[in-house]
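Just so you know, all these numbers are worked out from the coordinates, no wet-lab data involved. These numbers come from a predicted model, not from an experiment. We place every Cβ from the backbone using ideal geometry, glycine too, and count neighbours over all the protein chains shown.
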């Protein structure tokens, strides 16, 4: 019988191999966030509007190793996803789980829908989660607070959500007297160093990142609260069986105290889940905001769950996730009929057709759009860096703090690209665009509408192209929405 470390290594190697194949062969193009982060990697700096700089440097390194393709952008993310599996196994062993339970604790997360489907995406979650788990591993046996602080600092360079790891740290200090060490203060100070680059960047620009985070977490947005949808998403992303065992472990630990190794991961998972579910009562919370919940729930599920049932669940979860990964390829060849609104990959579909269209428009000096998402996509799939002209009065974005059209494209001719993702009245949209762009160009003409993605041979995603002559250098007023 093969040893558990060998099984884990083999499973994670196959997962890396699968991730590389997915990013190389399947029709999963970049989502807007990935295109945005790639653009950041071309303009390396201390920090950026909505995130710290870690992801930009990760992608810069990844493309240095593997090129600027979609697979090259995601290469390091795939490796990070495997490293997370090894760290989770090591945490379980340090919690004194036996090798079999430790193996399941790692595999439950790595082959869950969120673990598998998210393993190849170049987002801030991977680096944040890897270093957050390394931080926890630094305190799980005998707290090393300076090392804990160092890993939290690294986690915070990817995403400030990493600082949530101080919640279980402080919980441990309350529950376990041996965790109360003077070096805790040093750990806190070290962890805060991740904020220094963002502070320096923001001090010169009026603190937009902090205002952005404030408006994101405060219930001031128009988006509707979604506690039921958010909670349900956590069940589906972890998978129902391990979620049930996590919940069972937590409730038993509360009712009848269990050993540290069993109780503490369930406390951490429950605490993180409670924080974000509570927030969802006041505003719309994205499913991945609580990504830190998943590995600790996996540890809790493996500690008391039936390994036989978890094994069956793991096989089913992996199978479903693999089938889901085939959706983009099947959709590309019109082999499925998933409604567009329910297609998990809809934000990554159609960009191959967009790239073909943009190649035919090479006579234009520059490309631009009305959203940062589309301008980011244009920057990657177009011939050069694109721009955002905020004609709709949207919130600020990274384009607000990059060289503008005014600085670089005055008196030149541009192509305006507008994305539509639901049936629209062409005449009213075209008239609206004419009114919006007239103050900024000598002339604007509509070139046409082009479907770039279809479901059952019915277009569901279009781009509208407008030829814009002689840009006058004016721009809409800077948005005060963050």
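How large are Rg and Dmax for the range 10-54 when only the alpha carbon atoms are used, in Å?
14.3, 40
Indicate the gyration tensor shape class of the range 1-114 (rounded, prolate or oblate), computed on the Cα atoms with a ≥ b ≥ c the square roots of the eigenvalues: a/c under 1.5 is rounded; otherwise a/b larger than b/c is prolate and the rest oblate.
prolate
Enter the angle in degrees (range 0 to 90, nearest 10) between the Cα long axis of helix 208-217 and the first principal axis of the Cα atoms of the chain, meaning the one along which they spread out most.
60 degrees
How big, on average over all directions, is the shadow cast by the Cα convex hull of the range 344-410, in nm²?
Seen from a random direction, the Cα hull of the range 344-410 projects 5.2 nm² on average.
Convert 37 °C to kelvin, take the viscosity as 0.692 mPa s, use the Kirkwood radius over C-alpha pairs of the range 119-203 as Rh, and evaluate the Stokes-Einstein diffusion coefficient in µm²/s, rounded to a whole number.
252 µm²/s
Can you give me the angle between helix 54-66 and the longest principal axis of the chain, using Cα atoms only, in degrees from 0 to 90, rounded to the nearest 10?
80 degrees
Treating the angle as unsigned and between 0 and 90°, give the value, to the nearest 10°, between the Cα long axis of helix 307-325 and the longest Cα principal axis of the chain.
10 degrees
Mind pulling the per residue volume of the convex hull built on the Cα atoms of the range 366-457? Å³ is fine.
Hull volume over Cα atoms, normalised by residue count, gives 122 Å³.
For the chain, what does the alpha-carbon gyration tensor say about shape, rounded, prolate or oblate, given a ≥ b ≥ c as the root eigenvalues, a/c under 1.5 as rounded, and a/b over b/c as prolate?
Prolate shape, in that a/c is at least 1.5 and a/b is the bigger ratio.
How high is the relative contact order of the range 1-83, given as a whole-number percent (alpha carbon pairs under 8 Å, six or more residues apart)?
Worked out over the range 1-83, it gives 31 percent.
Could you list log10 I(q)/I(0) for the range 282-407 at q = 0.16, 0.17, 0.18 Å⁻¹, which the Debye formula gives when each Cα is one point scatterer?
With one equal scatterer per Cα and no solvent, log10 I(q)/I(0) is -1.02, -1.07, -1.11.
Sort 391, 7 so the one with the fewest other Cβ atoms within 10 Å of its own Cβ comes first.
Sorted ascending by nearby Cβ count, the order is 7, 391.
Antiparallel versus total DSSP beta bridges in the chain: what percent is that, nearest 5?
In the chain, approximately 80 percent of DSSP beta bridges are antiparallel ones.
Could you give me the percent of Cα pairs per 5 Å distance bin for the range 193-284, shortest bin first, beginning at zero and ending with the bin that holds the maximum distance?
2, 12, 15, 15, 13, 13, 13, 9, 5, 2, 0
Using alpha-carbon positions, what is the distance between the centroids of the range 1-75 and the range 269-302, in Å?
Distance between centres, Cα-based: 24 Å.
From Cα pairs below 8 angstrom and at least 6 apart in sequence, can you work out the relative contact order of the range 346-471, rounded to a whole percent?
Relative contact order comes out at 27 percent.
If you average the C-alpha positions of the range 375-450 and of the range 233-252 separately, how far apart do those two centres end up, in angstrom?
45 Å
Using Cα pairs closer than 8 Å and at least 6 residues apart in sequence, work out the relative contact order for the chain, in percent.
Across the chain, relative contact order equals 16 percent.
Once you order the gyration tensor axes a ≥ b ≥ c over the Cα atoms, which shape class does the range 66-189 get: rounded for a/c under 1.5, otherwise prolate or oblate by comparing a/b with b/c?
oblate
Just rank 255, 461, 412, fewest to most, by other beta-carbon atoms within 10 angstrom.
255, 412, 461
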